[in-house]
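Here the structure comes first, spelled out in structure tokens, and everything after it is commentary.
The values are calculated or read from the model by the stated rules, or taken from the named source; none is laboratory data. Keep in mind that this is a model prediction, so the values were computed, not measured. Using ideal geometry, Cβ is built from the backbone for each residue, glycine included, and neighbour counts are taken over all protein chains shown. Each accessible area value is taken on the protein alone, full model and side chains, heavy atoms only, with ligands, DNA and RNA left out. Shrake-Rupley method; radii C 1.70, N 1.55, O 1.52, S 1.80 Å.
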Amino acid sequence: MAKTYTIAVLPGDGTGPEVTAEALKVLRAAAQKFDFKLNFSTYDFGGERYKRTGETISENGIEELRRHDAIFLGAIGHPDVKPGVLEKGILLRVRFALDQYINLRPVKLYPNVETPLKDKGPADIDFVVVRENSEGLYAGAGGVLKKGTLDEVAVQESINTRKGVERCLRYSFDYCRKRNKAKKLTLCGKTNVLTFAFDLWERTFYEVAREYPEIKTDYAHVDATCMWMVKNPEWFDVIVTDNMFGDIITDLGAMVQGGMGIAAGGNINPEGVSMFEPIGGSAPKYTGQNVINPMAAIMAGQMLLENLREDRAAQAVEKAVVKVVSEKLKNMAAGKMGYSTTQVGDLVAGLI
Ligand code: IPM
Ligand code: MN
């Protein structure tokens, strides 16, 4: 009997539905080829629904998502909705409610894809960022006093728990071992200033490292990490960092690997339900024009397949993507690919 997986699909806002359609096209082709079934159920959480109902995502909605094998998210963010409402109300809400404590973001430059880094190629740009995804400055701790007055005080606290830090580090060591490349794990922090938070990270890092004698440990401050990502990206294999630093360095990473058109990520709960998304956002100005690059969404689908342990299917999707980006697409940017959104999806699906 063919295996069946249930996938919750949240196409979301802006160009989210367009890139989602292409990712699903490729996933369907992979399922057919490798003999498993994907049952997609679509949910309309996003800006339009919020405008209609005033609701981002309900407790019931979360419970529904929890019942699937994986979640695919297109994009969240609507020009008519105040920034933060949908991001916090949907994206961060799902990450937190389903305890997706890892945000896995590969930074890999494919052949013939343009990078802004002079003299760097695919051999130099191939690393993975593990971003802690459930704590830090994203925990929502803090508050405000005397709002709107000249004496206003705003506090935003970074929450770092031993448990949260340790599970993220353990995942990173395991991932580095399984990846089996340079076997080097870099902790990206700020031990010289954030002497409470990163003291905990650093101590835990070297403690856990003792259980992984074959993994080389390395440390870089976050500012230096940005510098090395541009100057010597080949030094990195796996980088682990906190939520805020991970958010920032992965946008830099996306640019280094050829832009938002290709960068994908996974919000992972290794013991639960994970959610995969292109990291580029809803790009409202390109909505409905069939010009947005769906490769990031397709690669998010590829990560979803890996998460389902459909490794052969995942490898086939990556191979097809590499062929299309290297041999067909003129550029990774919206409107400059030389193909429409749907044509790019057809090209990849056709190669599976
Ligand atoms: C990301 C995004 C989100 C984040 C926003 C939209 C809340 O920037 O996935 O990197 O900050 O995590
Ligand atoms: Mn971000």
Here, trypsin sites (Lys or Arg not before Pro) of the range 301-334 satisfying both criteria (DSSP loop; at most 16 other Cβ within 10 Å) are ARG309, LYS328, LYS330
Between ALA264 and residues 5 or more places away or on another chain, the pairs with built amide H atoms under 5 Å apart involve ILE279
Heavy-atom accessible area per residue of the chain, all protein chains kept, 1.4 Å probe, expressed in Å², is 45
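Give me the percent of accessible area attributable to carbon and sulfur for the chain, probe 1.4 angstrom. Don't jump to the answer; show the numbers that get you there.
Values: 8220 of 15990 Å².
Looking at the chain in its full context, I get 51 percent from C and S.
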If each part is reduced to its alpha-carbon centroid, the range 124-141 and the range 64-88 end up apart, in Å, by 18
Excluding residues fewer than 8 positions from LYS88 in its own chain, the lysines with Cα under 18 Å of it are LYS51
Rg (one decimal) and Dmax (whole number) from the Cα set of the chain, in Å, equal 20.0, 68
ASP151 and PHE36 label points (each 7 Å along its Cα→Cβ direction) are spaced in nm at 6.1
Full extension between LYS323 and VAL193 adds, at 0.36 nm per residue less the Cα distance, a length in nm of 42.3 nm
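For the range 35-155, count the residues as N, evaluate 2.2 N^0.38 Å, and divide the Cα radius of gyration by that value, please.
1.43
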So, with points 7 Å from each Cα along the Cβ direction, the GLU211-VAL144 label distance in nm works out to 4.2
Measure of exposure for SER340: accessible area at 1.4 Å probe, Å² rounded to 10, is 20
Residue separation between ALA2 and THR53 times 0.36 nm, minus their alpha-carbon distance, gives in nm 14.4 nm
Measuring from its Cα centre, the chain shows a charge dipole (+1 at each Lys and Arg Cβ, -1 at each Asp and Glu Cβ) which, in debye to the nearest 20, is 620
Candidate cut points under trypsin sites (Lys or Arg not before Pro) in the range 26-85, DSSP loop plus at most 11 other Cβ atoms within 10 Å of their own Cβ, are ARG67
For the range 37-71, listing GluC sites (Glu not before Pro) in a DSSP loop whose Cβ sees at most 13 other Cβ atoms within 10 Å gives GLU55
